Amino acid sequence: MTNQTPTSPASEHEDADDDASPACVMVFNASDPSGAGGLAADVTAIASVGAHALPVVTGAYARDTAEVMDHFPFDEEAIAEQARTILEDSPAQVFKVGFVGSPEAVSAIAEIAADYADVPLIAYMPNLSWWDESQIDLYLDAFRELMLPQTTVLVGNHSTLWRWLLPDWSSDRSPGARDIAKAAAEMGVAYTLVTGIPAPEQHLDNVLASPQAVLGGEKFERFEAVFSGAGDTLSAALAALVASGSDLAAATSEALAYLDRCLDAGFRPGMGNVVPDRLFWAQPDAEPEELTEEEVQALQVLDMPAHDTKH
């Protein structure tokens, strides 16, 4: 059964939410040591837009900022135990599912989603071309059969979703967002957010669609840089905004604008791709104001002395 349409946070705990605590988003994703994607992207993006992450580790990547070398999946029982234990204590307003590593993990998470069918589920499908082809096929089959029927919003790049959901597309024109949304809807998905659709004049279109209509989206100028972690950042921000009470169209527009700012402020921590700066708003001004002589003297008083161990 498809999880509910995201219009507001789950209501069963609203009466107890008098202290205005941030909404909670349970995220299922892999640990990414590069900090570009995975749980690192989820937690920082969710916090950045004002919600609280309940991160469930599904495995770990061996990767750098340029490419994924390997992935080590967690046992599905360990994944389920993490999720069910915290859900008994802290209610989640939205589930966000990233790359979870195995068909068994997909099955375990789908069971949890079915048990909490009133909680919207936002699923992100990344590019898996780094993985073994036989593993990709098994994973995508499991995701299609078990996760998509629970999915409220599917997020993915245009080329990734096209290859997966419309492998026999034969038209001379590329499939549009509604074409992809129709294919996803056949598996039970209510809405699809298709990103990176090529547009004229070096722009990329990002479109939220249902099988019936285009519901919104944003068009941005194409960046010259290659990024890692953009999809996880977008889907996590969308999940957090929906959990906080935004309707889906408004949450999509805000999440896309947030991603654009993250990419615009992106940085290269290593020798590989650029990483979105999900805390761009917290960075100091590029040109700080010149301090007065009195302010300089005040700061000198606050200088920390060197740590000298005395015996």
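The values are calculated or read from the model by the stated rules, or taken from the named source; none is laboratory data. From a predicted model like this one, the values you see are computed outputs, not experimental measurements. Neighbour counts run over all protein chains shown; Cβ positions are idealised from the backbone, glycine included. Accessible surface areas use protein heavy atoms only, side chains included; no ligands, DNA or RNA. Shrake-Rupley method; radii C 1.70, N 1.55, O 1.52, S 1.80 Å.
So, in segment 185-219, how many residues would count as being more than 22 Å from Leu148 (Cα to Cα) and surrounded by fewer than 18 Cβ atoms within 10 Å (Cβ to Cβ)?
Within segment 185-219, residues that are more than 22 Å from Leu148 (Cα to Cα) and surrounded by fewer than 18 Cβ atoms within 10 Å (Cβ to Cβ) number 8.
Out of the residues in segment 35-88 meeting the condition of being assigned to a strand (DSSP E or B) and among the β-branched types (Val, Ile, Thr), tell me which one is most open to solvent (accessible area, probe 1.4 Å).
Result: Val57.
Being touching a residue at least 40 places away in the same chain (Cβ under 8 Å) and of a type in the set (Asp, Glu) is true for just one of Asp118, Asp168. Which residue is that?
Asp118
Answer yes or no as to whether Ala60 is at pLDDT 95 or above and not hydroxyl-bearing (Ser, Thr, Tyr).
For Ala60, the condition - at pLDDT 95 or above and not hydroxyl-bearing (Ser, Thr, Tyr) - is met.
Let's see how each residue does on (1) modelled with pLDDT of 85 or more; (2) in contact with a Leu (Cβ under 8 Å, 6 or more places away or on another chain):
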residue	(1), (2)
Gly231	yes, no
Ala236	yes, no
Ala249	yes, yes
Glu254	yes, yes
Pro269	yes, no
Asn273	yes, no
Gln283	no, no
Thr292	no, no
Val296	no, no
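So Lys96 fits all but one of (1) within 24 Å of Ala45 (Cα to Cα); (2) part of a helix (DSSP H, G or I); (3) among the basic types (Lys, Arg); what number is the exception?
(2)
Select from segment 21-34 the residues that are buried (at least 24 other Cβ atoms within 10 Å of the Cβ), among the aliphatic types (A, V, I, L, M) and out of contact with any Gly (no Cβ under 6 Å at 6 or more places or on another chain) and list them in ascending order.
Val25, Met26, Val27
If Ile112 satisfies every condition in (1) open to solvent by 30 Å² or more (accessible area, probe 1.4 Å); (2) free of Cβ contacts under 8 Å to residues at least 40 places away in the same chain but one, which is the exception?
That leaves (1) as the condition not met.
Tell me yes or no: at least one residue of segment 132-153 is touching a Phe, Trp or Tyr at 6+ places or on another chain (Cβ under 6 Å), in contact (Cβ under 8 Å) with a residue 40 or more places away in the chain, not hydroxyl-bearing (Ser, Thr, Tyr) and not in a loop (DSSP other than H, G, I, E, B).
Yes: one or more hits.
Quick one: what pairs do we get from segment 273-285, first residue under 19 Å from Phe227 (Cα atoms), second among the aliphatic types (A, V, I, L, M) and open to solvent by 60 Å² or more (accessible area, probe 1.4 Å), C-beta under 6 Å, 6+ apart or different chains?
Every condition considered, the pairs that remain are Asn273/Val226.
Which residues, counting only those in segment 93-107, are farther than 13 Å from Glu145 by Cα and either surrounded by fewer than 24 Cβ atoms within 10 Å (Cβ to Cβ) or among the hydroxyl-bearing types (Ser, Thr, Tyr) (or both)?
Result: Ser102, single match.
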